Every structure is written in C-alpha cells, then in structure tokens.
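In what follows, a structure is listed as structure tokens, so that the remarks can point back to it.
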C-alpha cells in the first residue's frame, strides 16, 4: 500500500543547486517524499526559475511585505500550514528562519553548512567567508554538514557530515567548488536519513 508522500518546502535565495540535487535524487531513488513548494526572499533567482519550470509552487515572501517581523513570521507559518508542509529544507536561504517557524517545525527543518561543524559556524559564517576562514586556519580538510535547525545559527543536531581535502594552493573559490560538489550528494543522503527517522 502506497502512503502519501511527505510534503517538503525548500527555502532558497540563489541558484538552487542543492535544491536541484535533492529534486533529482527524490525521483531517482523513489523516495516517498516530494518538493511541493519553493519559498524565496527573491522573486527572480535560479531556484525560483527551476521550481516554475518543474511545476513546483513558488512563494515570494519578505519582511518588507509586512508591517512587522511578527506579521512576516506568522504569515510564513500560515502559508506552510496551508500547503501541509511537513519538512523544510534550507538550500542557500540567506535569511534567518523566524523563531515562530522553527517552533512550528521542531526537528523538521534542515540546513547544509559548507564546513565541518562545530568549526567555522555561527553568524556571519556563510558562503565564501567560510572557505576563506578554513584556508586561513591552515586546516587540511573541510567538508559539509547537514544539521537540524534551531534558534541559534548552526547549533542544531548534526545529521550527517562528509569530508573533502584541502589542497595546497587552494583558493577560497576552488575549495568552495569542491565542497559544493560534496553537498550535492550529502544533502539528499541526509534528507533520506531524516525521513527514515521520522517514519520509524
């Protein structure tokens, strides 16, 4: 007997390469889950275009559309509940998720960070800043971490990590490319692990 698929929302701000990796993995692996919503703070970005091209509902939501942050947060929760979202995947979403959303989806929001947490995490540590810090520290390896999201930056329970080497002569950009390739396989694996945990 086929059960209803777990309904996933992906939050994005940029090209959405991790979003695309997860989308394709869900289909190829026949995982009993589907991405039904792409939420972004930017109407025009690669992730939103990919969603539209693949028949996934899109939602452009920003604080500027509301009189208060609380109003913005409440509207986000309402939209997610209306779409019957069960899991939220952060894939390059460059905003802090409102606490009201974190509370409504406790242990059901995941994020990927381009380093081996707890190292090189926290507020301000994102994108190229992370890789610059890794190289400046003299680390010989880096990687990516998928973790549950709570009210503090990069502090939630770690679901899965994968390492990549730091090569002599690496630039922040070359290291970023190697870590991103790692993310594209790690994130679907970690999502599958979370789905298994929730369904066990």
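Taking the conditions (1) farther than 20 Å from residue 112 by Cβ; (2) modelled with pLDDT of 95 or more; (3) not in a helix (DSSP H, G or I) in turn, residue 43 satisfies each one other than (2). Determine whether segment 49-66 contains at least one residue that is within 14 Å of the chain's Cα centre (by Cα), modelled with pLDDT of 95 or more and crowded, with 18+ Cβ neighbours inside 10 Å. Scanning segment 49-66 turns up no residue that is within 14 Å of the chain's Cα centre (by Cα), modelled with pLDDT of 95 or more and crowded, with 18+ Cβ neighbours inside 10 Å. Total residues in segment 18-45 satisfying the condition of being surrounded by fewer than 18 Cβ atoms within 10 Å (Cβ to Cβ), under 16 Å from the mean Cα position of the chain (by Cα) and touching a residue at least 24 places away in the same chain (Cβ under 8 Å): the figure is 4.
Considering only residues that are surrounded by fewer than 16 Cβ atoms within 10 Å (Cβ to Cβ) and in contact with a helix residue (DSSP H, G or I) (Cβ under 9 Å, 6 or more places away or on another chain), look in segment 76-99 and name the one that is modelled with the lowest pLDDT. Once the filter is applied, the top-ranked residue is 95. Looking only at residues in segment 126-177 that are assigned to a loop (DSSP other than H, G, I, E, B) and touching a strand residue (DSSP E or B) at 6+ places or on another chain (Cβ under 6 Å), the one that is surrounded by the fewest Cβ atoms within 10 Å (Cβ to Cβ) is 157.
In segment 120-137, the residues that are within 20 Å of residue 156 (Cβ to Cβ) reach residues that are modelled with pLDDT under 95 with C-beta atoms within less than 7 angstrom, at least six apart or across chains, in these pairs: 121/153; 121/154; 122/153; 122/154; 123/153. Among the residues of segment 53-93, those that are part of a strand (DSSP E or B) and within 26 Å of residue 126 (Cα to Cα) comprise 58, 59, 60, 87, 88, 89, 90.
The values are calculated or read from the model by the stated rules, or taken from the named source; none is laboratory data. Because the structure is predicted, anything quoted here is derived from the model rather than measured. FYI the Cβ positions are ideal-geometry reconstructions off the backbone, even for glycines, and counts take in every protein chain you see.
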